[in-house]
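The structure under discussion appears below in the form of structure tokens.
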Ligand SMILES: N[C@@H](CCC[C@H](N)C(=O)O)C(=O)O
């Protein structure tokens, strides 16, 4: 029987990024990729983009080790919107205003943002090396890489910037983020052989030095109304190209995020809301073997 059967969950969203939070710090059970897929897609399940599973802390001073599952059952190293949802749950129950968590990508600090409904997550330092992202072959300069789709002499999308925010991101710079069929091109690019661990695919438009609009096709989850780590990756990539300042407002289909690429330690801070929708317990029938 799945460790999730009968377990409590909270359905939340981070500006439209569909998130399920499960606190398993009191349980020895382990969530499997099959469990994660069943929650997202079985009849009577709880559709989500990411499932955030809190496990017993492995390090002193941390609240939890957090495993992050995409709705296809794959695991991710980072999920900015999901982290704000986790933080809201923890702060709401304990009254704390700061916390440290561990994920597969490392330690991560979070605190109550400048207003009561805002949460800031320190997403750590971006990585730009081709092996860190990772890419399948060497690119010395990852501000733009050679990659395109469409006719060779008239590409539809080309020359993305690539960044790791604990997970791989490719950002295509465009004039209008809504002018492309991201549902069609997203899976092609996510699974392009240049990305051995697949990639999150973003279309971004630089409005001015302090504003960017963007849409993302998420690795392992598909089209989303918001992706926090993609917002961080996009802000960093634009600043690295000297096209924006290091502090920007990002507009995503689901809402806005403030992103600051801090000069003093290279860390990327993401600030935004997190919304509680409802809570419940997982029906054991979700995890019953088929047949
Ligand atoms: N929605 C997330 C990112 C989730 C992980 C991503 N799909 C991946 O596999 O890297 C966010 O808000 O950062």
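The values are calculated or read from the model by the stated rules, or taken from the named source; none is laboratory data. No experiment lies behind these values; they were computed from the predicted model shown. In this analysis, Cβ positions are derived from the backbone assuming ideal geometry, glycine residues included, and neighbour counts consider all displayed protein chains.
Can you confirm whether segment 31-49 contains a residue that is closer than 24 Å to residue 124 by Cα and either in the same structural domain as residue 227 (by the TED database) or surrounded by fewer than 19 Cβ atoms within 10 Å (Cβ to Cβ) (or both)?
Within segment 31-49, not a single residue is closer than 24 Å to residue 124 by Cα and either in the same structural domain as residue 227 (by the TED database) or surrounded by fewer than 19 Cβ atoms within 10 Å (Cβ to Cβ) (or both).
Does segment 107-119 contain at least one residue that is at pLDDT 95 or above, within 25 Å of residue 196 (Cβ to Cβ) and part of a loop (DSSP other than H, G, I, E, B)?
Checked segment 107-119: no residue is at pLDDT 95 or above, within 25 Å of residue 196 (Cβ to Cβ) and part of a loop (DSSP other than H, G, I, E, B).
State all residues of segment 227-261 that are on the phi > 0 side of the Ramachandran plot and within 13 Å of the ligand (Cβ to nearest atom); if no residue qualifies, say none.
Residue satisfying the conditions is 255 alone.
Of the residues that sit in segment 40-52 and are within 18 Å of the chain's Cα centre (by Cα) and farther than 22 Å from residue 111 by Cβ, which one is farthest from the ligand (Cβ to nearest atom)?
If we take residues in segment 40-52 being within 18 Å of the chain's Cα centre (by Cα) and farther than 22 Å from residue 111 by Cβ, then 47 is farthest from the ligand (Cβ to nearest atom).
Is it the case that segment 241-248 has a residue that's touching a residue at least 24 places away in the same chain (Cβ under 8 Å), within 19 Å of residue 85 (Cα to Cα), in contact with a helix residue (DSSP H, G or I) (Cβ under 7 Å, 6 or more places away or on another chain) and crowded, with 18+ Cβ neighbours inside 10 Å?
no
Which of the numbered conditions does residue 39 fail, given that it passes all the others? Conditions: (1) touching a strand residue (DSSP E or B) at 6+ places or on another chain (Cβ under 7 Å); (2) under 19 Å from residue 6 (Cβ atoms); (3) not in a helix (DSSP H, G or I).
(3)
In this structure, is residue 157 within 16 Å of the ligand (Cβ to nearest atom), more than 19 Å from residue 80 (Cα to Cα) and either in contact (Cβ under 8 Å) with a residue 40 or more places away in the chain or in contact with a strand residue (DSSP E or B) (Cβ under 6 Å, 6 or more places away or on another chain) (or both)?
Against the criterion (within 16 Å of the ligand (Cβ to nearest atom), more than 19 Å from residue 80 (Cα to Cα) and either in contact (Cβ under 8 Å) with a residue 40 or more places away in the chain or in contact with a strand residue (DSSP E or B) (Cβ under 6 Å, 6 or more places away or on another chain) (or both)), residue 157 does not qualify.
What number of residues within segment 73-104 satisfy the criterion of being under 26 Å from residue 216 (Cα atoms) and in a strand (DSSP E or B)?
Final tally of qualifying residues: 5.
I'm told residue 197 meets every condition in (1) touching a strand residue (DSSP E or B) at 6+ places or on another chain (Cβ under 8 Å); (2) more than 9 Å from the ligand (Cβ to nearest atom) except one. Can you identify the failing condition by its number?
All conditions pass for residue 197, except number (2).
Looking at 135, 107 in this structure, which one is under 17 Å from residue 233 (Cβ atoms) and in contact (Cβ under 8 Å) with a residue 24 or more places away in the chain?
135
What is the number of the single condition among (1) more than 20 Å from residue 203 (Cα to Cα); (2) at pLDDT 95 or above that residue 291 does not meet?
All conditions pass for residue 291, except number (2).
Results for (1) within 16 Å of the ligand (Cβ to nearest atom); (2) under 23 Å from residue 219 (Cα atoms); (3) touching a helix residue (DSSP H, G or I) at 6+ places or on another chain (Cβ under 7 Å), shown as yes or no for each residue.
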{"residue": "4", "(1), (2), (3)": "no, no, yes"}
{"residue": "25", "(1), (2), (3)": "no, no, no"}
{"residue": "33", "(1), (2), (3)": "yes, yes, no"}
{"residue": "38", "(1), (2), (3)": "no, yes, yes"}
{"residue": "58", "(1), (2), (3)": "no, no, no"}
{"residue": "61", "(1), (2), (3)": "no, no, no"}
{"residue": "64", "(1), (2), (3)": "no, no, no"}
{"residue": "71", "(1), (2), (3)": "yes, yes, yes"}
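Mind listing just one residue for me: the one in segment 200-222 that is in a loop (DSSP other than H, G, I, E, B) and near the ligand (Cβ under 8 Å from one of its atoms) and, of those, surrounded by the most Cβ atoms within 10 Å (Cβ to Cβ)? Reasoning before the result, please.
Start the filter on segment 200-222 by keeping residues that are in a loop (DSSP other than H, G, I, E, B), which leaves 209-210, 219-221.
Filter once more, keeping what is near the ligand (Cβ under 8 Å from one of its atoms): 219-221.
Details: 219: 27, 220: 20, 221: 24.
Going through the qualifying residues, I end up with 219.
Can you tell me which of 157, 147, 182 is under 20 Å from the mean Cα position of the chain (by Cα) and surrounded by 13 or more Cβ atoms within 10 Å (Cβ to Cβ)?
Values: 157 fails: under 20 Å from the mean Cα position of the chain (by Cα); 147 fails: under 20 Å from the mean Cα position of the chain (by Cα).
Exactly one residue qualifies, and that residue is 182.
Would segment 223-236 turn up any residue that is in a strand (DSSP E or B), in contact with a strand residue (DSSP E or B) (Cβ under 9 Å, 6 or more places away or on another chain) and buried (at least 18 other Cβ atoms within 10 Å of the Cβ)?
yes
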